[in-house]
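Remarks on the structure that follows.
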Amino acid sequence: MRLRNKPWAKEKLAQYPQYAVGNPAEHKGKWNEVFGNDNPIHIEVGTGKGQFLLGMAKQNPNINYIGIELYESVIVSALDHIIEAEVPNFKLLSVDAKDLTEYFAKGDVERVYLNFSDPWPKVRHAKRRLTYKTFLNIYEQILIDGGEIHFKTDNQGLFEYSLMSFSEYGLLLKYVSLDLHASDFEGNIMTEYEEKFSQKGSRIYRSEVKYMNEK
């Protein structure tokens, strides 16, 4: 993805602390204080321009959502959407996914969404995939016991790799679709990429997996 630099993005994010959380490490273990309630928290790693989580936040007002995006020039677009919609249950973090344990304690998060992540197709780049075992371990450290990952992609190779990675890590496969838009799955919220790919006729793959560490 080609990124257009927006040097003003950092300043704009700082102007809206009610939506863009500036010092996330300070809230580790107490994100309920940020939202002002004890509702469950779902995060999306690689939230992009925020269309998916915005739709989820509107659809599920009793769930809190946090969009994780490394690039400020991208996440500032999500901020614009939140400002316009005025949704109180959607926050943003401009941080690196590999550092999530610095910002979330065990049990802070109920569910992780991974939507149309970079497939990193070259074998030598496998460790960068968000479904690689190192990332699966990071998610486990912040999820509740029995927490879940919901994963969507248009990339068949990444989907096949991810199913294998989930299995090797010991995750329970709860749901799988090899053609989401032709399935009977209800309540699907599309991302920007999903709309683009589906309009081109691309097949969308989806899975739900669960950590088998419930007490």
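The values are calculated or read from the model by the stated rules, or taken from the named source; none is laboratory data. Predicted, not measured: the structure shown is a model, and the values here were computed from it. Glycine also receives a Cβ, built like all others from the backbone with ideal geometry; neighbour counts cover every protein chain displayed. SASA here: full protein model, heavy atoms, side chains in, ligands and nucleic acids out. Shrake-Rupley method; radii C 1.70, N 1.55, O 1.52, S 1.80 Å.
Odds and ends about this structure:
- Residue check, residue 26 surrounded by 16 or more Cβ atoms within 10 Å (Cβ to Cβ), of a type in the set (D, E, K, R) and closer than 24 Å to residue 99 by Cβ: no
- Picking from residues in the range 58-93 that are touching a residue at least 60 places away in the same chain (Cβ under 8 Å) and touching a strand residue (DSSP E or B) at 6+ places or on another chain (Cβ under 7 Å), the one that is farthest from residue 188 (Cα to Cα) is 93.
- Selection within the range 171-201 - among the small types (Gly, Ala, Ser) and in contact with a helix residue (DSSP H, G or I) (Cβ under 9 Å, 6 or more places away or on another chain): 187, 198
- Some residue of the range 104-119 being at negative phi, among the basic types (Lys, Arg) and in a helix (DSSP H, G or I): no
- Restricting the search to helices (runs of 4 or more DSSP H) fully inside the range 20-103 and requiring at least 2 residues that are of a type in the set (Phe, Trp, Tyr) and modelled with pLDDT of 95 or more gives 31-35.
- Of the residues in the range 78-97, at least one is at positive phi and not aromatic (Phe, Trp, Tyr).
- Elements of type strands (runs of 3 or more DSSP E) in the range 132-215, at least 3 residues being surrounded by fewer than 17 Cβ atoms within 10 Å (Cβ to Cβ): 172-177
- Tallying residues that are in contact (Cβ under 8 Å) with a residue 40 or more places away in the chain, outside any loop (DSSP other than H, G, I, E, B) and open to solvent by 30 Å² or more (accessible area, probe 1.4 Å) within the range 6-19 yields 2.
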